[in-house]
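Notes to accompany the following structure.
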Amino acid sequence: MSFDLLAPHYRWMEAVLAGNKLQQCRVHWLDSVRDCRRVLLVGEGNGRFLEACAKAMPLAQFTVVDASIEMLRQAERRWTNAGGNSNRAKFVQATLPGLNLPKESFDLVVTNCFLDCFTPEQLEQVVAEIAACTTDSAVWIVTDFAVPQRGFAKWRAKAVLRAAYMFFRLTTRITALEICPPDASLTAAGFELKGRHEADAGLIYSAKWQRTKRLPRAKHTEAHRHDDNRDTPHEFPKATADLRA
(Lines give C-alpha, C1' and ligand atoms only; values in the text may rest on other atoms or scores of the structure.)
Protein backbone atom coordinates (compact mmCIF):
# COMPACT_ATOMS: atom_id res chain seq x y z
CA MET A 1 0.00 0.00 0.00
CA SER A 2 1.49 3.36 -1.03
CA PHE A 3 0.06 6.82 -1.61
CA ASP A 4 3.23 8.19 -3.24
CA LEU A 5 1.62 8.58 -6.66
CA LEU A 6 -1.35 10.45 -5.21
CA ALA A 7 0.62 12.72 -2.89
CA PRO A 8 0.87 15.67 -5.35
CA HIS A 9 -2.87 15.47 -6.10
CA TYR A 10 -4.36 14.56 -2.73
CA ARG A 11 -5.30 18.10 -1.71
CA TRP A 12 -7.48 18.84 -4.75
CA MET A 13 -8.91 15.32 -4.71
CA GLU A 14 -10.02 15.86 -1.12
CA ALA A 15 -11.54 19.22 -2.08
CA VAL A 16 -13.56 17.61 -4.88
CA LEU A 17 -14.78 14.76 -2.67
CA ALA A 18 -15.55 16.62 0.55
CA GLY A 19 -14.74 20.33 0.19
CA ASN A 20 -13.49 21.58 3.56
CA LYS A 21 -15.81 19.31 5.56
CA LEU A 22 -13.16 16.66 6.12
CA GLN A 23 -10.69 19.16 7.55
CA GLN A 24 -13.39 20.62 9.78
CA CYS A 25 -13.99 17.13 11.17
CA ARG A 26 -10.25 16.58 11.67
CA VAL A 27 -9.89 19.63 13.89
CA HIS A 28 -13.26 19.30 15.65
CA TRP A 29 -11.77 17.90 18.89
CA LEU A 30 -8.52 19.86 18.80
CA ASP A 31 -9.48 22.31 21.54
CA SER A 32 -10.26 19.45 23.92
CA VAL A 33 -6.81 17.82 23.59
CA ARG A 34 -4.56 20.89 23.85
CA ASP A 35 -3.10 19.58 27.13
CA CYS A 36 -1.74 16.40 25.54
CA ARG A 37 2.04 16.39 25.29
CA ARG A 38 3.03 13.25 23.37
CA VAL A 39 1.07 12.90 20.15
CA LEU A 40 1.12 10.07 17.60
CA LEU A 41 -0.34 10.80 14.15
CA VAL A 42 -0.67 7.61 12.10
CA GLY A 43 -1.44 7.86 8.39
CA GLU A 44 -1.24 11.65 8.59
CA GLY A 45 -0.93 12.09 4.82
CA ASN A 46 -0.04 15.55 3.54
CA GLY A 47 -0.06 17.21 6.95
CA ARG A 48 -3.17 19.40 7.00
CA PHE A 49 -4.03 18.28 10.52
CA LEU A 50 -0.40 18.54 11.64
CA GLU A 51 -0.33 22.10 10.32
CA ALA A 52 -3.28 22.96 12.57
CA CYS A 53 -1.58 21.23 15.51
CA ALA A 54 1.55 23.37 15.13
CA LYS A 55 -0.45 26.40 16.27
CA ALA A 56 -3.00 24.74 18.56
CA MET A 57 -0.56 22.57 20.59
CA PRO A 58 2.67 24.58 20.98
CA LEU A 59 3.99 22.43 23.85
CA ALA A 60 3.34 18.99 22.34
CA GLN A 61 5.85 16.59 20.80
CA PHE A 62 4.68 14.85 17.62
CA THR A 63 5.55 11.54 16.01
CA VAL A 64 4.17 11.44 12.47
CA VAL A 65 3.89 8.03 10.81
CA ASP A 66 3.02 7.37 7.18
CA ALA A 67 3.87 4.68 4.63
CA SER A 68 4.36 7.28 1.89
CA ILE A 69 7.66 9.17 1.82
CA GLU A 70 6.09 11.79 -0.46
CA MET A 71 3.26 12.39 1.98
CA LEU A 72 5.78 12.73 4.80
CA ARG A 73 7.74 15.31 2.85
CA GLN A 74 4.59 17.35 2.32
CA ALA A 75 3.70 17.02 6.01
CA GLU A 76 7.13 18.24 7.07
CA ARG A 77 6.91 21.22 4.73
CA ARG A 78 3.50 22.15 6.15
CA TRP A 79 4.85 21.82 9.68
CA THR A 80 7.80 24.09 8.91
CA ASN A 81 5.69 26.65 7.05
CA ALA A 82 3.28 26.79 9.99
CA GLY A 83 6.17 27.67 12.31
CA GLY A 84 6.54 24.26 13.89
CA ASN A 85 9.83 23.67 15.67
CA SER A 86 11.85 20.86 14.08
CA ASN A 87 12.73 19.58 17.55
CA ARG A 88 9.07 18.90 18.29
CA ALA A 89 8.27 16.65 15.32
CA LYS A 90 9.66 13.31 14.22
CA PHE A 91 8.67 11.89 10.82
CA VAL A 92 8.72 8.10 10.46
CA GLN A 93 8.10 6.05 7.31
CA ALA A 94 6.39 2.83 8.37
CA THR A 95 3.83 0.35 7.11
CA LEU A 96 1.25 -1.25 9.37
CA PRO A 97 0.75 -3.92 10.62
CA GLY A 98 4.26 -3.99 12.05
CA LEU A 99 4.48 -0.74 14.03
CA ASN A 100 7.63 -0.51 16.11
CA LEU A 101 7.37 2.42 18.51
CA PRO A 102 7.96 2.80 22.29
CA LYS A 103 5.21 1.14 24.32
CA GLU A 104 2.82 3.13 26.51
CA SER A 105 4.33 6.45 25.36
CA PHE A 106 1.60 8.57 23.75
CA ASP A 107 -1.29 10.36 25.45
CA LEU A 108 -2.97 11.25 22.13
CA VAL A 109 -3.37 9.21 18.95
CA VAL A 110 -4.96 10.58 15.79
CA THR A 111 -5.86 8.44 12.76
CA ASN A 112 -7.37 10.55 9.99
CA CYS A 113 -8.78 8.56 7.04
CA PHE A 114 -6.40 5.74 7.83
CA LEU A 115 -8.25 2.85 9.48
CA ASP A 116 -10.52 2.56 6.44
CA CYS A 117 -7.59 1.11 4.47
CA PHE A 118 -7.68 -2.25 6.25
CA THR A 119 -9.69 -5.45 6.16
CA PRO A 120 -11.44 -6.46 9.42
CA GLU A 121 -8.66 -8.94 10.24
CA GLN A 122 -5.91 -6.39 9.63
CA LEU A 123 -7.82 -3.67 11.47
CA GLU A 124 -7.89 -5.70 14.68
CA GLN A 125 -4.11 -6.04 14.62
CA VAL A 126 -3.44 -2.43 13.59
CA VAL A 127 -5.58 -1.05 16.42
CA ALA A 128 -3.94 -3.40 18.94
CA GLU A 129 -0.46 -2.34 17.82
CA ILE A 130 -1.24 1.37 18.08
CA ALA A 131 -3.03 0.89 21.41
CA ALA A 132 0.10 -0.74 22.83
CA CYS A 133 1.88 2.61 22.32
CA THR A 134 -0.62 4.60 24.41
CA THR A 135 -0.80 5.57 28.07
CA ASP A 136 -3.49 4.35 30.45
CA SER A 137 -5.68 7.42 29.91
CA ALA A 138 -4.81 8.21 26.28
CA VAL A 139 -7.25 9.85 23.88
CA TRP A 140 -7.71 8.45 20.37
CA ILE A 141 -9.34 10.61 17.68
CA VAL A 142 -10.66 8.84 14.59
CA THR A 143 -11.80 10.85 11.57
CA ASP A 144 -13.10 8.85 8.65
CA PHE A 145 -15.95 8.01 6.32
CA ALA A 146 -19.06 6.07 7.31
CA VAL A 147 -22.29 4.67 5.90
CA PRO A 148 -25.43 6.14 7.57
CA GLN A 149 -28.08 3.72 8.77
CA ARG A 150 -30.97 4.58 6.46
CA GLY A 151 -32.51 6.66 3.73
CA PHE A 152 -30.98 8.47 0.80
CA ALA A 153 -27.86 9.30 2.84
CA LYS A 154 -27.13 5.57 3.18
CA TRP A 155 -27.35 4.84 -0.53
CA ARG A 156 -25.45 7.98 -1.45
CA ALA A 157 -22.63 7.03 0.92
CA LYS A 158 -22.53 3.48 -0.45
CA ALA A 159 -22.20 4.77 -4.01
CA VAL A 160 -19.51 7.30 -3.12
CA LEU A 161 -17.47 4.81 -1.10
CA ARG A 162 -17.81 2.04 -3.66
CA ALA A 163 -16.26 4.31 -6.31
CA ALA A 164 -13.60 5.53 -3.86
CA TYR A 165 -12.53 2.00 -2.91
CA MET A 166 -12.29 0.94 -6.54
CA PHE A 167 -10.06 3.94 -7.25
CA PHE A 168 -7.79 3.49 -4.24
CA ARG A 169 -7.45 -0.25 -4.74
CA LEU A 170 -6.15 0.44 -8.25
CA THR A 171 -3.88 3.35 -7.38
CA THR A 172 -2.59 2.49 -3.91
CA ARG A 173 -3.23 -1.27 -3.62
CA ILE A 174 -5.12 -1.06 -0.36
CA THR A 175 -6.57 -4.43 0.60
CA ALA A 176 -9.90 -3.28 2.02
CA LEU A 177 -13.02 -3.68 -0.08
CA GLU A 178 -15.35 -1.56 2.03
CA ILE A 179 -15.60 0.48 5.21
CA CYS A 180 -15.07 -1.54 8.38
CA PRO A 181 -16.02 0.49 11.49
CA PRO A 182 -13.17 0.37 14.06
CA ASP A 183 -15.47 0.60 17.09
CA ALA A 184 -15.24 -3.05 18.13
CA SER A 185 -11.46 -3.09 17.81
CA LEU A 186 -11.11 0.13 19.82
CA THR A 187 -13.39 -1.20 22.53
CA ALA A 188 -11.43 -4.46 22.65
CA ALA A 189 -8.25 -2.41 23.09
CA GLY A 190 -9.67 -0.72 26.19
CA PHE A 191 -11.05 2.51 24.69
CA GLU A 192 -14.48 4.03 25.33
CA LEU A 193 -16.38 6.32 22.94
CA LYS A 194 -16.70 9.82 24.43
CA GLY A 195 -18.26 11.71 21.54
CA ARG A 196 -19.01 11.63 17.83
CA HIS A 197 -19.35 14.52 15.37
CA GLU A 198 -20.86 13.99 11.90
CA ALA A 199 -20.84 16.01 8.69
CA ASP A 200 -22.04 15.76 5.09
CA ALA A 201 -25.21 13.84 6.00
CA GLY A 202 -23.24 11.28 7.98
CA LEU A 203 -20.72 10.45 5.26
CA ILE A 204 -17.90 11.93 7.35
CA TYR A 205 -17.42 11.67 11.10
CA SER A 206 -14.90 12.35 13.83
CA ALA A 207 -15.01 10.33 17.04
CA LYS A 208 -13.21 10.87 20.33
CA TRP A 209 -12.25 7.76 22.27
CA GLN A 210 -10.47 7.51 25.61
CA ARG A 211 -8.69 4.63 27.23
CA THR A 212 -10.51 3.47 30.34
CA LYS A 213 -8.67 0.23 31.01
CA ARG A 214 -5.39 -1.40 30.12
CA LEU A 215 -5.64 -4.98 28.95
CA PRO A 216 -3.13 -7.64 30.01
CA ARG A 217 -0.11 -7.72 27.73
CA ALA A 218 -1.25 -11.08 26.33
CA LYS A 219 -4.29 -9.32 24.88
CA HIS A 220 -2.04 -6.93 22.98
CA THR A 221 -0.19 -9.78 21.32
CA GLU A 222 -3.21 -11.94 20.52
CA ALA A 223 -3.66 -10.37 17.09
CA HIS A 224 0.04 -10.92 16.33
CA ARG A 225 -0.16 -14.63 17.10
CA HIS A 226 -3.27 -14.97 14.95
CA ASP A 227 -1.63 -13.13 12.07
CA ASP A 228 1.51 -15.27 12.18
CA ASN A 229 -0.57 -18.14 10.77
CA ARG A 230 -1.56 -16.23 7.68
CA ASP A 231 0.20 -16.69 4.36
CA THR A 232 0.31 -13.02 3.40
CA PRO A 233 3.54 -11.31 4.50
CA HIS A 234 3.52 -7.76 5.88
CA GLU A 235 6.01 -4.95 5.39
CA PHE A 236 7.68 -3.77 8.57
CA PRO A 237 8.74 -0.25 9.48
CA LYS A 238 11.77 1.32 7.87
CA ALA A 239 14.12 3.57 9.77
CA THR A 240 13.14 7.19 10.22
CA ALA A 241 13.28 8.76 6.79
CA ASP A 242 15.64 11.57 5.84
CA LEU A 243 12.94 13.76 4.37
CA ARG A 244 15.31 16.49 3.27
CA ALA A 245 17.12 14.24 0.79
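The values are calculated or read from the model by the stated rules, or taken from the named source; none is laboratory data. Since the model is a prediction, treat every value here as computed from it, not as a measurement. Cβ placement follows ideal geometry from the backbone for every residue including glycine, while neighbour counts extend to all protein chains displayed.
Side notes on the structure shown:
- Any chance Val27 is β-branched (Val, Ile, Thr), within 24 Å of Trp209 (Cβ to Cβ), modelled with pLDDT of 55 or more and over 16 Å from the mean Cα position of the chain (by Cα): no
- Test for Leu40: is it assigned to a strand (DSSP E or B) and aliphatic (A, V, I, L, M): yes
- If you go through the stretch 63-82 and keep only what is in contact with a helix residue (DSSP H, G or I) (Cβ under 6 Å, 6 or more places away or on another chain) and farther than 18 Å from Cys113 by Cβ, you end up with Trp79, Ala82.
- Cβ pairs under 6 Å, 6+ apart, first in the stretch 173-202 and surrounded by 19 or more Cβ atoms within 10 Å (Cβ to Cβ) and of a type in the set (Ser, Thr, Tyr), second at pLDDT 95 or above and not in a strand (DSSP E or B): Ser185/Val127
- Residue in the stretch 126-139 that is farthest from Phe191 (Cα to Cα), counting only those that are assigned to a helix (DSSP H, G or I) and not acidic (Asp, Glu): Val126
- Test result for Glu104, modelled with pLDDT under 95, touching a Ser or Thr at 6+ places or on another chain (Cβ under 9 Å), of a type in the set (D, E, K, R) and surrounded by fewer than 20 Cβ atoms within 10 Å (Cβ to Cβ): yes
- Condition met for Ala184 (small (Gly, Ala, Ser), modelled with pLDDT under 95 and either out of contact with any Ser or Thr (no Cβ under 8 Å at 6 or more places or on another chain) or within 20 Å of Cys36 (Cα to Cα) (or both)): no
- Number of residues in the stretch 72-131 that are touching a Cys at 6+ places or on another chain (Cβ under 9 Å) and hydroxyl-bearing (Ser, Thr, Tyr) equals 2.
- Only one entry in Met71, Met1 is at pLDDT below 90, in a helix (DSSP H, G or I) and under 27 Å from Ala163 (Cα atoms), namely Met71.
- Sub-8 Å Cβ pairs linking a first residue in the stretch 48-60 that is closer than 15 Å to Asn20 by Cα and among the aromatic types (Phe, Trp, Tyr) to a second residue that is at pLDDT below 90 and part of a helix (DSSP H, G or I), at least 6 apart or interchain, are Phe49/Gln23, ordered by first then second residue.
Residue-wise test of (1) among the basic types (Lys, Arg); (2) in a helix (DSSP H, G or I); (3) farther than 24 Å from His28 by Cβ; (4) within 17 Å of the chain's Cα centre (by Cα).
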| site | (1), (2), (3), (4) |
| --- | --- |
| Arg78 | yes, yes, no, no |
| Thr95 | no, no, yes, yes |
| Leu108 | no, no, no, yes |
| Glu124 | no, yes, yes, yes |
| Ile141 | no, no, no, yes |
| Lys154 | yes, yes, no, no |
| Ala157 | no, yes, no, no |
| Met166 | no, yes, yes, no |
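The rows are residues; the columns are (1) at pLDDT below 50; (2) of a type in the set (A, V, I, L, M).
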| site | (1), (2) |
| --- | --- |
| Tyr165 | no, no |
| Glu192 | no, no |
| Tyr205 | no, no |
| Thr212 | no, no |
| Pro216 | no, no |
| Ala223 | yes, yes |
| His234 | yes, no |
